[in-house]
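Taking it in order: structure first as structure tokens, then the write-up.
The values are calculated or read from the model by the stated rules, or taken from the named source; none is laboratory data. Worth saying up front: this structure is predicted, and the values here are computed from it rather than measured. For neighbour counting, all protein chains shown are included, and Cβ atoms are generated from backbone atoms with ideal geometry for every residue, glycine included.
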Amino acid sequence: MPRIYNKKYSREELLKRVGTIHQVYYNRIFELIEGKEKGVRGIDIRNSSGLNFIVLFDRGMDIPYAEYKGIPLGWNSHIGYVAPSFYEPEKDEWLRGYFGGLLTTCGLTYMGAPDVDLGEELGLHGRISYTPAERYSVEEYWNGDEYFIQVSGVLREAKVFGPNIVLERKVRTRMGSKKIIIEDVVRNEGWEPQPLMILYHINIGFPILDEGSRLVSTTTKIVARDDEARKGQEEYDLFHGPVKGYKEKVYFHDLETDNEGYAYAAIINDDLYEGMGVYVKFNKKTLKRFVQWKMLGEGLYVVGIEPANSFVMGRSWERKMGTLEYIEPQKEKKFYVEIGVLEGREEISKFESTVKQIKKDTKAMFFESIEDFLKHAR
């Protein structure tokens with residue numbers, strides 16, 4: 001039974017009070033018409049809890065914007081929702097269309113730093129976030145007294161004499177809910193094994209991120225990517241205001257899981273109203289890595305909390321380390337990511353209790369090298 005406007009209603013009680021369900025649960029498909037965004041299609045979803053978000057059909061079915069009760073949850077760059085036709089694959093030119101948003105997906109056969117792997121030049125973070133969806137659809141349905149909306153689509157990374165990888169994505173929320181669920185199935189529809197690298201680039205920005213905000217996670221092991229990140233690494237989980245000339249810091253985490261195999265992380269701002277945060281919950285069975293991107297610059301003021309199946313060092317690095325994951329012909333792998341809002345001290349305390357119960361008061365252990373970290377990571 002959904003709780004909307006601070007009261008619970010059965011299906012019958014609610015429908016007697018509205019002319020259409022869209023009076024309280026709004027969604028509209030749109031198409032952008034100006035500049036480099038022209039032609040980009042998406043859907044605007046509002047689910048009666050105060051959670052509003054956009055899914056872009058033509059940009060990897062990613063989530064470029066989300067808010068809760070008017071409060072932005074993610075970070076948005078100055079780039080805009082650039083159409084896929086402007087994709088530039090070379091080196092770090094991927095950034096010319098990087099809108100940030102609540103979610104940008106990276107992959108599928110490669111992601112991370114620009115690289116050369118087996119003679120193949122690979123740019124930053126792969127192609128999938130620039131890929132338009134095929135056979136996208138919007139489904140609304142009742143399940144008892146609960147009302148759901150689900151957006152589905154198929155994304156394909158393919159090349160003649162190359163990979164034929166399909167991502168089937170479902171993005172779902174429920175009336176009155178404060179969370180978004182992403183369920184992905186990646187399938188190799190070709191006849192050769194293919195590398196599989198995927199990262200869910202979840203970008204948290206102001207005002208969830210602000211001076212005094214903190215990262216709460218089931219982290220038990222952590223390593224800095226480079227010398228820059230080692231500076232002040234003991235405060236990886238604490239955040240200050242924007243700093244001119246700030247250089248990004250990247251950390252790799254190993255997270256403990258609950259009994260069902262789920263890991264947890266959140267950015268929490270205790271001073272935003274009565275406390276607010278954004279959390280991510282994901283299945284570590286298929287997303288065994290977790291990347292933290294700490295970028296506290298002026299205008300570039302964002303923290304990434306990023307479940308992944310690989311690090312972001314590049315595909316040749318994963319191959320060299322023996323950690324490169326493959327997907328076999330005609331096989332599939334499933335990924336589950338949940339992004340939600342924590343509102344008020346009670347919800348924040350409950351989340352922190354869950355983290356504490358999973359970690360059992362274990363403090364994060366720092367490692368000197370990624371190689372040493374790998375030896376001990378689960």
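Going by what's in this entry, would Gly232 be described as over 22 Å from Arg289 (Cβ atoms) and touching a Gly at 6+ places or on another chain (Cβ under 8 Å)?
Spelling it out, it is not the case that Gly232 is over 22 Å from Arg289 (Cβ atoms) and touching a Gly at 6+ places or on another chain (Cβ under 8 Å).
Determine whether Ser213 is of a type outside the set (A, V, I, L, M) and within 23 Å of Leu73 (Cα to Cα).
yes
Pick out the one residue from Arg156, Arg135, Arg169 that is basic (Lys, Arg), farther than 23 Å from Glu325 by Cβ and either in a strand (DSSP E or B) or in contact (Cβ under 8 Å) with a residue 60 or more places away in the chain (or both).
Just a single option satisfies the conditions, and that option is Arg135.
When the range 339-363 is examined, which residues are found to be out of contact with any helix residue (DSSP H, G or I) (no Cβ under 6 Å at 6 or more places or on another chain), of a type outside the set (Val, Ile, Thr) and crowded, with 18+ Cβ neighbours inside 10 Å?
Once the filter is applied, which keeps residues that are out of contact with any helix residue (DSSP H, G or I) (no Cβ under 6 Å at 6 or more places or on another chain), of a type outside the set (Val, Ile, Thr) and crowded, with 18+ Cβ neighbours inside 10 Å, the range 339-363 yields Gly340, Glu343, Glu347, Phe351.
Quick one: which of Arg319, Arg315, Arg289 is within 24 Å of His376 (Cβ to Cβ) and surrounded by 23 or more Cβ atoms within 10 Å (Cβ to Cβ)?
Among Arg319, Arg315, Arg289, only Arg315 is within 24 Å of His376 (Cβ to Cβ) and surrounded by 23 or more Cβ atoms within 10 Å (Cβ to Cβ).
Filter the range 16-74 down to residues that are aromatic (Phe, Trp, Tyr) and at pLDDT 95 or above and give me whichever is surrounded by the most Cβ atoms within 10 Å (Cβ to Cβ).
Quick first cut of the range 16-74, residues aromatic (Phe, Trp, Tyr) only: 25-26, 30, 53, 57, 65, 68.
Then keep just the ones that are at pLDDT 95 or above; that gives 30, 53, 57, 65, 68.
Details: Phe30: 12, Phe53: 24, Phe57: 22, Tyr65: 20, Tyr68: 20.
Among residues in the range 16-74 that are aromatic (Phe, Trp, Tyr) and at pLDDT 95 or above, the one surrounded by the most Cβ atoms within 10 Å (Cβ to Cβ) is Phe53.
If I ask for residues that are outside any helix (DSSP H, G or I) and modelled with pLDDT of 95 or more, which ones from the range 341-367 would you list?
The answer is Val341, Leu342, Glu343, Met365, Phe366, Phe367.
I want to confirm something. Restricting to the range 138-153 and keeping residues that are touching a residue at least 40 places away in the same chain (Cβ under 8 Å) and surrounded by 13 or more Cβ atoms within 10 Å (Cβ to Cβ), which single residue is farthest from Tyr9 (Cα to Cα)? Full working, then the answer.
Residues of the range 138-153 that are touching a residue at least 40 places away in the same chain (Cβ under 8 Å), as a first pass: 138, 140, 142, 144-147, 149, 151, 153.
Restricting the remaining residues to those that are surrounded by 13 or more Cβ atoms within 10 Å (Cβ to Cβ) gives 138, 140, 145-147, 149, 151, 153.
Working: Val138: 24, Glu140: 18, Asp145: 8, Glu146: 10, Tyr147: 11, Ile149: 18, Val151: 24, Gly153: 31 Å.
Selected residue: Gly153.
I'm trying to understand the selection: among the residues of the range 172-189, which are outside any loop (DSSP other than H, G, I, E, B), closer than 21 Å to Arg46 by Cβ and in contact with a Leu (Cβ under 9 Å, 6 or more places away or on another chain)?
Those that are outside any loop (DSSP other than H, G, I, E, B), closer than 21 Å to Arg46 by Cβ and in contact with a Leu (Cβ under 9 Å, 6 or more places away or on another chain): Thr173, Lys179, Ile180, Ile182.
Can you tell me which condition Glu192 does not meet? The list is (1) surrounded by fewer than 22 Cβ atoms within 10 Å (Cβ to Cβ); (2) at negative phi; (3) touching a strand residue (DSSP E or B) at 6+ places or on another chain (Cβ under 8 Å); (4) not in a strand (DSSP E or B), and all the others hold.
The number of the failed condition is (3).
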